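Everything below concerns the one structure shown next.
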Amino acid sequence: MKKVPASKESRRGSVSNEGAPMPECPALFDPDPLTGGFVVTFPDLPEAITEGDTEREAIQNAADVVALCLAEYMKRKRDIPAPRKARGRNYRTVRLPALTEAKISLYMAMRQAGMRKADLARKLPCQKSEIDRLLNLTHSSRLDQIERALKALGKRLVLTLEDAA
């Protein structure tokens, strides 16, 4: 996994990534000659693998498995890998929803600051369970809550608009 050099150590002694979160992830779509579908693997997330009967289904399944894998990284307090460039004709870019990207950004900012959930809850002030929900990739948090948490970490959320590919 390609890692971005780290600048701070967390309280647990591990080093976190400084780079952008993984809003998009390169995925290798291997055509399956037996079924006509696709097997999807991820060079940055070796634990993740999925498939789909059509390219559209494989892309949707790929986004789901990337989110699940990153949620597990967060649960285990692991670094989020910086995405590599997708090279080759069978590579596609899998994009994550904006809210998921914001939650991953919050997680990475917390790791960079060496701040635990309880520390952030005290700083806001709020219950630790609220921070748990902000970091839960399947919970529909409000963007203003994530912005408030990022502000407490000395960060701000920036959105960009791009043409759809």
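Of everything listed in (1) modelled with pLDDT under 95; (2) surrounded by fewer than 16 Cβ atoms within 10 Å (Cβ to Cβ); (3) in a loop (DSSP other than H, G, I, E, B), the single unmet condition for THR93 is (3).
Of all residues in segment 74-87, which are in contact with a Leu (Cβ under 8 Å, 6 or more places away or on another chain) and either over 20 Å from ARG133 (Cα atoms) or part of a helix (DSSP H, G or I) (or both)? Give the steps one after another, and end with the answer.
Pass one, segment 74-87, residues in contact with a Leu (Cβ under 8 Å, 6 or more places away or on another chain): 74, 80-81.
Correct list: MET74, PRO81.
Could you please let me know if ALA82 is farther than 20 Å from ILE49 by Cβ, in contact (Cβ under 8 Å) with a residue 24 or more places away in the chain and of a type in the set (A, V, I, L, M)? Criteria met by ALA82.
The values are calculated or read from the model by the stated rules, or taken from the named source; none is laboratory data. Predicted, not measured: the structure shown is a model, and the values here were computed from it. In this analysis, Cβ positions are derived from the backbone assuming ideal geometry, glycine residues included, and neighbour counts consider all displayed protein chains.
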